[in-house]
1. Over the Cα atoms of the chain, Rg to Rh with Kirkwood Rh, two decimal places?
2. Using DSSP to call loops (not H, G, I, E or B), can you name the trypsin sites (Lys or Arg not before Pro) in the range 200-252 whose Cβ has at most 16 other Cβ atoms within 10 angstrom?
3. Which residues' amide hydrogens lie under 5 Å from the amide hydrogen of SER125, considering only partners 5 or more residues apart or on another chain, with H built in the peptide plane?
4. How much accessible surface area, in Å² rounded to 10, belongs to the heavy atoms of ARG95 with a 1.4 Å probe?
5. Just to confirm, what accessible area per residue do you get for the chain at 1.4 Å probe, in whole Å²?
6. I want to check a number: in the chain, how many lysine pairs have alpha carbons closer than 24 Å, given a sequence separation of 8 or more or different chains?
7. Ordered by residue, what ³J(HN,Hα) values in Hz, to whole numbers, does the range 285-296 give under the Karplus form 6.51 cos²θ - 1.76 cosθ + 1.60, where θ = phi - 60° and Gly and Pro are x?
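The values are calculated or read from the model by the stated rules, or taken from the named source; none is laboratory data. Since this is a predicted model, take the numbers as computed values, not measurements. Ideal geometry is used to build each Cβ from the backbone, glycine not excepted, and the neighbour counts take in all protein chains shown. These area figures cover heavy atoms from the full protein model, side chains too; ligands, DNA and RNA do not enter into them. Shrake-Rupley method; radii C 1.70, N 1.55, O 1.52, S 1.80 Å.
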Amino acid sequence: MIQVFSNKKDKPSAYPFLTPTETGIGADRYYQYQPIEYSISADGKSWTSCFDIPDLEGVYCYQAPNVQPATQTDNVRKIGLTDGQRLLSTSYDTRQITMQIVAKDNLDEGDSLLAYDALQQFLVSRDPYWICFGNWPQRMYYVKAKLSAPTFTANSWMTTVTFTDFIGLSRSVATSVNYRDYIGFGNNMTNGSREYTFTGNHFIVYNPSQVMIDPVRRNHELVITCEGSSSGNMLITNKTTGDSIGRMGATSEGKPANNKEGLPSFDGKWELNGVRVTLNGKSDQMQTTDGYLMLQPGDNEITVDNFSGKITFDFPFWWLS
(Lines give C-alpha, C1' and ligand atoms only; values in the text may rest on other atoms or scores of the structure.)
Protein backbone atom coordinates (compact mmCIF):
# COMPACT_ATOMS: atom_id res chain seq x y z
CA MET A 1 0.00 0.00 0.00
CA ILE A 2 1.25 3.47 -0.93
CA GLN A 3 1.55 5.73 2.14
CA VAL A 4 0.42 9.14 0.91
CA PHE A 5 -0.48 11.00 4.10
CA SER A 6 1.08 11.43 7.54
CA ASN A 7 0.99 8.66 10.15
CA LYS A 8 0.64 11.21 12.97
CA LYS A 9 -2.21 10.47 15.37
CA ASP A 10 -2.56 14.06 16.57
CA LYS A 11 -3.20 15.78 13.25
CA PRO A 12 -4.55 19.33 13.56
CA SER A 13 -8.33 19.36 13.56
CA ALA A 14 -11.41 21.46 14.22
CA TYR A 15 -13.63 20.58 17.17
CA PRO A 16 -16.49 23.10 17.04
CA PHE A 17 -18.44 21.63 19.99
CA LEU A 18 -15.60 21.26 22.53
CA THR A 19 -13.48 23.90 24.25
CA PRO A 20 -9.81 23.33 25.22
CA THR A 21 -10.89 23.37 28.89
CA GLU A 22 -13.35 20.52 28.33
CA THR A 23 -10.82 18.36 26.53
CA GLY A 24 -7.76 19.23 28.58
CA ILE A 25 -5.69 19.84 25.43
CA GLY A 26 -4.00 23.11 24.56
CA ALA A 27 -5.91 25.67 22.51
CA ASP A 28 -3.25 25.63 19.76
CA ARG A 29 -4.55 22.22 18.62
CA TYR A 30 -7.96 23.57 17.62
CA TYR A 31 -8.99 25.70 14.66
CA GLN A 32 -12.09 27.45 13.40
CA TYR A 33 -11.79 25.42 10.19
CA GLN A 34 -10.81 21.85 9.34
CA PRO A 35 -7.17 21.87 8.13
CA ILE A 36 -6.90 19.90 4.87
CA GLU A 37 -3.81 17.74 4.53
CA TYR A 38 -1.87 17.71 1.27
CA SER A 39 1.17 15.69 0.22
CA ILE A 40 3.64 15.99 -2.63
CA SER A 41 5.71 13.42 -4.50
CA ALA A 42 8.26 13.51 -7.30
CA ASP A 43 7.37 10.03 -8.57
CA GLY A 44 3.85 9.39 -7.28
CA LYS A 45 5.15 6.69 -4.93
CA SER A 46 7.18 8.33 -2.14
CA TRP A 47 5.20 11.12 -0.48
CA THR A 48 5.83 13.95 1.98
CA SER A 49 2.89 15.40 3.91
CA CYS A 50 2.60 19.05 4.94
CA PHE A 51 1.76 17.75 8.45
CA ASP A 52 5.22 16.17 8.68
CA ILE A 53 7.10 19.44 8.05
CA PRO A 54 7.86 21.02 11.48
CA ASP A 55 8.29 24.50 10.00
CA LEU A 56 4.73 24.33 8.62
CA GLU A 57 3.09 23.81 12.00
CA GLY A 58 0.21 26.25 12.19
CA VAL A 59 0.27 26.91 8.43
CA TYR A 60 -2.62 24.97 6.95
CA CYS A 61 -4.83 24.64 3.92
CA TYR A 62 -8.41 25.63 4.69
CA GLN A 63 -9.74 25.36 1.14
CA ALA A 64 -8.47 22.74 -1.31
CA PRO A 65 -9.25 22.67 -5.06
CA ASN A 66 -12.84 21.65 -5.69
CA VAL A 67 -14.26 20.02 -8.83
CA GLN A 68 -12.13 21.33 -11.67
CA PRO A 69 -13.36 22.11 -15.20
CA ALA A 70 -11.56 20.26 -17.97
CA THR A 71 -10.03 22.38 -20.75
CA GLN A 72 -9.69 21.02 -24.29
CA THR A 73 -7.62 22.20 -27.22
CA ASP A 74 -8.98 21.35 -30.68
CA ASN A 75 -6.89 21.04 -33.84
CA VAL A 76 -9.05 22.00 -36.84
CA ARG A 77 -8.48 22.50 -40.56
CA LYS A 78 -10.37 24.02 -43.46
CA ILE A 79 -10.93 21.37 -46.15
CA GLY A 80 -11.66 22.52 -49.70
CA LEU A 81 -14.95 24.33 -50.09
CA THR A 82 -16.75 22.51 -47.28
CA ASP A 83 -18.58 24.70 -44.83
CA GLY A 84 -16.80 25.34 -41.58
CA GLN A 85 -13.76 23.34 -40.49
CA ARG A 86 -13.05 19.71 -39.66
CA LEU A 87 -11.86 18.51 -36.27
CA LEU A 88 -8.53 16.69 -36.70
CA SER A 89 -7.65 16.01 -33.07
CA THR A 90 -8.38 17.15 -29.55
CA SER A 91 -6.51 16.91 -26.26
CA TYR A 92 -6.91 18.10 -22.70
CA ASP A 93 -4.85 21.18 -21.95
CA THR A 94 -3.16 22.61 -18.86
CA ARG A 95 -5.31 24.39 -16.30
CA GLN A 96 -5.00 26.39 -13.09
CA ILE A 97 -6.13 25.03 -9.72
CA THR A 98 -5.89 26.85 -6.41
CA MET A 99 -5.81 26.25 -2.68
CA GLN A 100 -6.06 28.73 0.19
CA ILE A 101 -3.54 28.78 3.05
CA VAL A 102 -3.83 30.50 6.42
CA ALA A 103 -1.36 30.85 9.30
CA LYS A 104 -2.66 30.66 12.87
CA ASP A 105 -2.95 33.82 14.98
CA ASN A 106 -0.33 33.19 17.69
CA LEU A 107 2.74 33.57 15.47
CA ASP A 108 4.98 36.54 16.22
CA GLU A 109 6.19 38.66 13.32
CA GLY A 110 9.47 36.79 12.82
CA ASP A 111 7.85 33.35 12.98
CA SER A 112 5.12 34.49 10.64
CA LEU A 113 7.64 35.49 7.97
CA LEU A 114 9.60 32.24 8.42
CA ALA A 115 6.39 30.22 8.11
CA TYR A 116 5.63 31.79 4.74
CA ASP A 117 9.18 31.08 3.61
CA ALA A 118 8.82 27.44 4.73
CA LEU A 119 5.62 27.10 2.71
CA GLN A 120 7.36 28.46 -0.35
CA GLN A 121 10.29 26.08 0.10
CA PHE A 122 7.92 23.13 0.37
CA LEU A 123 5.80 23.91 -2.69
CA VAL A 124 7.91 25.87 -5.18
CA SER A 125 10.10 23.76 -7.45
CA ARG A 126 11.77 23.98 -10.85
CA ASP A 127 10.30 20.59 -11.77
CA PRO A 128 6.67 19.44 -11.71
CA TYR A 129 5.55 17.01 -9.02
CA TRP A 130 2.42 15.15 -7.95
CA ILE A 131 0.13 16.59 -5.28
CA CYS A 132 -2.70 14.86 -3.44
CA PHE A 133 -5.31 16.46 -1.14
CA GLY A 134 -6.81 14.80 1.91
CA ASN A 135 -10.39 15.66 1.02
CA TRP A 136 -10.10 13.74 -2.29
CA PRO A 137 -7.36 11.25 -1.42
CA GLN A 138 -7.55 8.86 -4.37
CA ARG A 139 -6.65 11.54 -6.93
CA MET A 140 -3.43 13.38 -7.68
CA TYR A 141 -2.39 16.17 -10.04
CA TYR A 142 0.91 16.84 -11.84
CA VAL A 143 1.72 20.44 -11.00
CA LYS A 144 4.02 23.37 -10.35
CA ALA A 145 3.11 25.97 -7.73
CA LYS A 146 3.11 29.76 -7.50
CA LEU A 147 2.34 31.59 -4.25
CA SER A 148 0.69 34.98 -4.03
CA ALA A 149 2.14 37.57 -1.69
CA PRO A 150 0.80 37.02 1.84
CA THR A 151 -2.00 39.20 3.19
CA PHE A 152 -1.22 39.99 6.83
CA THR A 153 -3.83 40.50 9.54
CA ALA A 154 -2.36 41.09 13.02
CA ASN A 155 0.12 38.23 13.49
CA SER A 156 -1.44 35.88 10.93
CA TRP A 157 -1.48 35.82 7.16
CA MET A 158 -3.28 34.26 4.23
CA THR A 159 -2.11 33.35 0.74
CA THR A 160 -3.41 31.73 -2.43
CA VAL A 161 -1.39 28.90 -4.01
CA THR A 162 -1.99 28.57 -7.73
CA PHE A 163 -0.98 25.28 -9.32
CA THR A 164 -0.49 24.73 -13.03
CA ASP A 165 -1.91 21.28 -13.75
CA PHE A 166 0.25 20.16 -16.67
CA ILE A 167 -1.77 17.11 -17.70
CA GLY A 168 -5.20 18.69 -17.32
CA LEU A 169 -6.62 15.50 -15.80
CA SER A 170 -6.46 13.95 -12.35
CA ARG A 171 -4.81 10.53 -11.99
CA SER A 172 -5.46 7.79 -9.48
CA VAL A 173 -2.84 7.38 -6.76
CA ALA A 174 -3.17 3.62 -7.03
CA THR A 175 -3.36 1.54 -10.20
CA SER A 176 -5.78 -1.22 -11.12
CA VAL A 177 -3.83 -3.89 -9.22
CA ASN A 178 -4.16 -2.14 -5.83
CA TYR A 179 -7.08 0.27 -6.34
CA ARG A 180 -8.97 -1.15 -3.34
CA ASP A 181 -6.59 0.73 -1.05
CA TYR A 182 -7.85 4.04 -2.44
CA ILE A 183 -11.55 3.63 -3.19
CA GLY A 184 -13.35 6.95 -2.83
CA PHE A 185 -16.30 8.94 -4.12
CA GLY A 186 -16.41 10.00 -7.75
CA ASN A 187 -14.13 7.27 -9.09
CA ASN A 188 -16.76 5.45 -11.21
CA MET A 189 -16.38 2.20 -9.27
CA THR A 190 -20.14 1.81 -9.08
CA ASN A 191 -20.41 -1.84 -10.08
CA GLY A 192 -18.76 -3.43 -7.05
CA SER A 193 -15.35 -5.02 -6.82
CA ARG A 194 -13.42 -5.49 -10.06
CA GLU A 195 -10.67 -7.92 -10.98
CA TYR A 196 -7.61 -7.12 -13.08
CA THR A 197 -5.80 -10.47 -12.94
CA PHE A 198 -7.29 -13.33 -14.95
CA THR A 199 -6.58 -16.99 -15.66
CA GLY A 200 -9.14 -17.58 -18.40
CA ASN A 201 -9.08 -16.75 -22.10
CA HIS A 202 -12.19 -14.56 -22.21
CA PHE A 203 -12.90 -11.82 -19.65
CA ILE A 204 -13.93 -8.21 -19.07
CA VAL A 205 -11.46 -5.45 -18.12
CA TYR A 206 -13.27 -2.49 -16.58
CA ASN A 207 -11.78 0.97 -17.11
CA PRO A 208 -13.34 3.44 -14.62
CA SER A 209 -11.53 6.35 -16.26
CA GLN A 210 -13.47 9.09 -18.00
CA VAL A 211 -11.08 8.88 -20.96
CA MET A 212 -9.71 6.17 -23.23
CA ILE A 213 -6.52 4.53 -21.95
CA ASP A 214 -4.25 5.10 -24.96
CA PRO A 215 -0.54 4.34 -24.44
CA VAL A 216 0.55 5.56 -27.89
CA ARG A 217 -1.25 8.81 -28.69
CA ARG A 218 -1.95 9.93 -25.10
CA ASN A 219 1.10 8.39 -23.38
CA HIS A 220 -1.05 6.63 -20.78
CA GLU A 221 0.52 3.88 -18.71
CA LEU A 222 -0.73 0.36 -19.50
CA VAL A 223 1.21 -2.77 -18.58
CA ILE A 224 -0.13 -6.18 -19.66
CA THR A 225 1.76 -9.13 -18.19
CA CYS A 226 1.32 -12.76 -19.27
CA GLU A 227 2.93 -15.27 -16.90
CA GLY A 228 2.67 -18.82 -18.22
CA SER A 229 3.25 -20.60 -21.51
CA SER A 230 2.23 -20.55 -25.14
CA SER A 231 2.71 -23.17 -27.84
CA GLY A 232 2.81 -20.38 -30.42
CA ASN A 233 0.61 -17.77 -32.12
CA MET A 234 -0.45 -16.04 -28.91
CA LEU A 235 -2.92 -13.25 -29.62
CA ILE A 236 -4.56 -10.71 -27.26
CA THR A 237 -7.60 -8.91 -28.64
CA ASN A 238 -9.79 -6.14 -27.27
CA LYS A 239 -13.02 -6.93 -29.08
CA THR A 240 -14.58 -3.70 -27.80
CA THR A 241 -12.03 -1.40 -29.47
CA GLY A 242 -10.87 -3.77 -32.22
CA ASP A 243 -7.21 -3.61 -31.15
CA SER A 244 -4.98 -6.67 -30.99
CA ILE A 245 -1.37 -7.66 -30.49
CA GLY A 246 0.26 -11.05 -30.76
CA ARG A 247 3.42 -13.09 -30.91
CA MET A 248 3.57 -14.41 -34.46
CA GLY A 249 7.27 -14.54 -35.49
CA ALA A 250 9.15 -17.61 -36.68
CA THR A 251 11.70 -17.84 -33.88
CA SER A 252 11.67 -17.69 -30.10
CA GLU A 253 14.21 -15.46 -28.31
CA GLY A 254 16.42 -15.58 -31.39
CA LYS A 255 16.43 -19.40 -31.55
CA PRO A 256 14.51 -21.82 -33.76
CA ALA A 257 11.00 -22.50 -32.50
CA ASN A 258 10.44 -25.86 -30.89
CA ASN A 259 7.20 -26.86 -32.61
CA LYS A 260 6.40 -28.29 -36.03
CA GLU A 261 4.71 -25.16 -37.34
CA GLY A 262 7.75 -22.98 -36.59
CA LEU A 263 5.65 -20.73 -34.35
CA PRO A 264 7.25 -18.94 -31.39
CA SER A 265 6.44 -20.81 -28.20
CA PHE A 266 7.51 -19.50 -24.81
CA ASP A 267 7.44 -20.31 -21.14
CA GLY A 268 7.86 -17.47 -18.65
CA LYS A 269 6.87 -13.80 -18.41
CA TRP A 270 5.80 -11.86 -21.49
CA GLU A 271 5.12 -8.16 -20.89
CA LEU A 272 3.65 -5.38 -22.99
CA ASN A 273 4.51 -2.03 -21.37
CA GLY A 274 2.84 0.58 -23.55
CA VAL A 275 4.45 -0.38 -26.84
CA ARG A 276 7.61 -2.01 -25.45
CA VAL A 277 7.55 -5.82 -25.42
CA THR A 278 9.82 -8.10 -23.38
CA LEU A 279 10.03 -11.84 -22.74
CA ASN A 280 11.72 -12.90 -19.51
CA GLY A 281 13.30 -9.43 -19.28
CA LYS A 282 14.71 -9.36 -22.83
CA SER A 283 13.35 -7.49 -25.84
CA ASP A 284 10.77 -9.48 -27.77
CA GLN A 285 9.90 -6.80 -30.30
CA MET A 286 10.93 -8.87 -33.34
CA GLN A 287 8.48 -11.62 -32.42
CA THR A 288 5.53 -9.27 -31.87
CA THR A 289 3.01 -8.12 -34.43
CA ASP A 290 2.51 -4.42 -35.08
CA GLY A 291 -0.21 -3.03 -32.86
CA TYR A 292 -1.06 -2.15 -29.30
CA LEU A 293 -4.04 -2.26 -26.96
CA MET A 294 -6.30 0.53 -25.74
CA LEU A 295 -9.06 0.44 -23.12
CA GLN A 296 -12.22 2.42 -23.63
CA PRO A 297 -14.11 3.83 -20.61
CA GLY A 298 -16.27 1.11 -19.10
CA ASP A 299 -16.19 -2.59 -20.00
CA ASN A 300 -13.65 -4.00 -22.45
CA GLU A 301 -14.15 -7.54 -23.77
CA ILE A 302 -10.76 -9.27 -23.96
CA THR A 303 -9.90 -12.61 -25.60
CA VAL A 304 -6.53 -14.37 -25.35
CA ASP A 305 -5.68 -17.13 -27.83
CA ASN A 306 -3.02 -19.82 -27.43
CA PHE A 307 -1.88 -18.90 -23.93
CA SER A 308 -2.18 -20.70 -20.62
CA GLY A 309 -1.43 -18.94 -17.34
CA LYS A 310 -2.11 -15.64 -15.58
CA ILE A 311 -2.63 -12.30 -17.30
CA THR A 312 -2.67 -8.94 -15.47
CA PHE A 313 -3.80 -5.50 -16.65
CA ASP A 314 -2.06 -2.76 -14.64
CA PHE A 315 -2.96 0.87 -15.35
CA PRO A 316 -3.85 4.07 -13.48
CA PHE A 317 -7.26 5.69 -13.80
CA TRP A 318 -7.85 9.18 -15.20
CA TRP A 319 -10.67 11.64 -14.46
CA LEU A 320 -11.64 15.05 -15.79
CA SER A 321 -12.01 16.75 -12.40
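1. Details: Rg = 25.3 Å, Rh = 23.0 Å.
Here Rg/Rh amounts to 1.10.
2. Values: sites: ARG217, ARG218, LYS239, ARG247; in loops: ARG217, ARG218, LYS239.
Counting only loop positions with at most 16 other Cβ atoms within 10 Å, the trypsin sites (Lys or Arg not before Pro) in the range 200-252 are ARG217, ARG218, LYS239.
3. ALA145
4. Near enough 10 Å² of accessible area.
5. Details: 16970 Å² over 321 residues.
Each residue of the chain exposes 53 Å² on average to a 1.4 Å probe.
6. Count of close lysine pairs: 17.
7. Ordered by residue, 3J(HN,Hα) equals 4, 5, 8, 9, 5, 5, x, 7, 10, 10, 10, 6 Hz.
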